[in-house]
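Undergrad: A single structure is presented below for examination.
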Amino acid sequence: MNPTIELLKSHRSVRKFTDQPISRELLEELVSAGQAAATSSHVQAYSVIHVKKPENREAIAELAGGQRYVATCGAFLVFCADMKRPTEAAERTGARVVRGMTEQLLVASVDTALMAQNVAVAAESEGLGICYIGGVRNNPQQISDLLGLPDHVYPVFGMCLGYPAHDPDVKPRLPVEAILKEDSYHDDSELVAAYDDAMHAYYQSRRGGPKDTTWSQNLTPLFDTKLRPHMREFLVRRGFEMT
């Protein structure tokens with residue numbers, strides 16, 4: 001493996017950070033690296049909010065489900081899908097802009113995720129740890145109000161960055177054979193069963209305390225109830241009518 005692949009395969013979510021600050025120069029370099037990610041038709045449909053005010057970070061920590069590391073990490077970013085900038089730019093050229101298309105929502109969300117992952121990899125290459133915070137979608141309207149997000153912009157997720165104060169284990173992934181399929185989709189339940197055994201062994205031996213569960217069991221709370229049912233109505237209010 002080359003160093004880039006080694007770095008990618010060493011990713012862990014870091015939730016404990018030292019007090020060492022992240023310089024503005026480094027933060028801008030990370031965001032610049034994020035901008036180098038692929039973007040659909042060069043739309044660049046994203047904005048990043050660097051949340052600096054302690055009271056706002058405390059509020060987001062609670063709104064995101066009581067995730068205290070949002071308030072204590074070196075820097076906290078909120079990655080937003082942004083269709084305001086590109087549609088208004090097109091409008092200024094005289095285009096009759098159509099808004100609210102489902103494809104616009106997909107383009108902005110995918111662009112944002114690709115950009116954020118570049119930021120994550122760049123951060124880890126500099127010795128930082130990161131943790132994505134999908135919990136910003138628990139209360140997206142309150143967080144949008146807190147950050148002053150306009151219509152056609154929505155918070156996709158947050159990201160904690162900082163210098164790690166712990167060394168978590170790398171969590172095993174599904175086997176490549178389950179993900180990489182040849183020519184057509186095929187059933188992979190046997191591979192998943194073997195992976196559940198591997199995850200159970202990982203949870204039993206990991207640093208930070210054992211846990212008696214498997215990958216499949218961990219999925220139960222995600223799919224045995226309607227997860228964040230408020231998101232559709234929220235997105236419609238933001239101007240993503242999904243037509």
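The values are calculated or read from the model by the stated rules, or taken from the named source; none is laboratory data. In this text, all values refer to a predicted model and were calculated from it rather than measured experimentally. A quick note on method: Cβ atoms are made from the backbone with ideal geometry, for glycine too, and the neighbour counts reach across all protein chains shown. Keep in mind that these areas ignore ligands, DNA and RNA; they rest on the heavy atoms of the full protein, side chains included. Shrake-Rupley method; radii C 1.70, N 1.55, O 1.52, S 1.80 Å.
Undergrad: Of the residues Tyr195, Tyr163, Tyr185, Tyr154, which is hydroxyl-bearing (Ser, Thr, Tyr), more than 23 Å from the chain's Cα centre (by Cα) and surrounded by 13 or more Cβ atoms within 10 Å (Cβ to Cβ)?
TA: Among Tyr195, Tyr163, Tyr185, Tyr154, only Tyr195 is hydroxyl-bearing (Ser, Thr, Tyr), more than 23 Å from the chain's Cα centre (by Cα) and surrounded by 13 or more Cβ atoms within 10 Å (Cβ to Cβ).
Undergrad: Still on this structure, please answer the following. Does any residue of region 147-159 turn out to be in a helix (DSSP H, G or I) and on the phi < 0 side of the Ramachandran plot?
TA: yes
Undergrad: Right, something else. Checking Phe234 against (1) farther than 30 Å from Ser144 by Cα; (2) surrounded by 11 or more Cβ atoms within 10 Å (Cβ to Cβ); (3) under 25 Å from the mean Cα position of the chain (by Cα), which test does it fail?
TA: All conditions are met except number (1).
Undergrad: Name, by its number, the condition in (1) in contact with a Phe, Trp or Tyr (Cβ under 9 Å, 6 or more places away or on another chain); (2) of a type outside the set (D, E, K, R); (3) open to solvent by 70 Å² or more (accessible area, probe 1.4 Å) that does not hold for Thr39.
TA: (3)
Undergrad: Now for a separate question. Which condition number does Gly100 fail, the rest of (1) part of a helix (DSSP H, G or I); (2) touching an Asp or Glu at 6+ places or on another chain (Cβ under 9 Å) being met?
TA: (1)
Undergrad: Still on this structure, please answer the following. Return the only residue of Ala108, Ala90, Ala178 being of a type in the set (Gly, Ala, Ser), in a helix (DSSP H, G or I), over 17 Å from the mean Cα position of the chain (by Cα) and more than 24 Å from Ile5 (Cα to Cα).
TA: Going through Ala108, Ala90, Ala178 in turn, the sole match is Ala90.
Undergrad: Which condition number does Tyr202 fail, the rest of (1) more than 30 Å from Met83 (Cα to Cα); (2) part of a loop (DSSP other than H, G, I, E, B) being met?
TA: Checking Tyr202 against (1) more than 30 Å from Met83 (Cα to Cα); (2) part of a loop (DSSP other than H, G, I, E, B), the one that fails is (2).
Undergrad: When the residues of region 111-134 are filtered to those that are closer than 17 Å to Thr4 by Cα and not hydrophobic (A, V, I, L, M, F, W, C), which remaining residue is surrounded by the most Cβ atoms within 10 Å (Cβ to Cβ)?
TA: Step by step, filter region 111-134, then rank; the result is Gly129.
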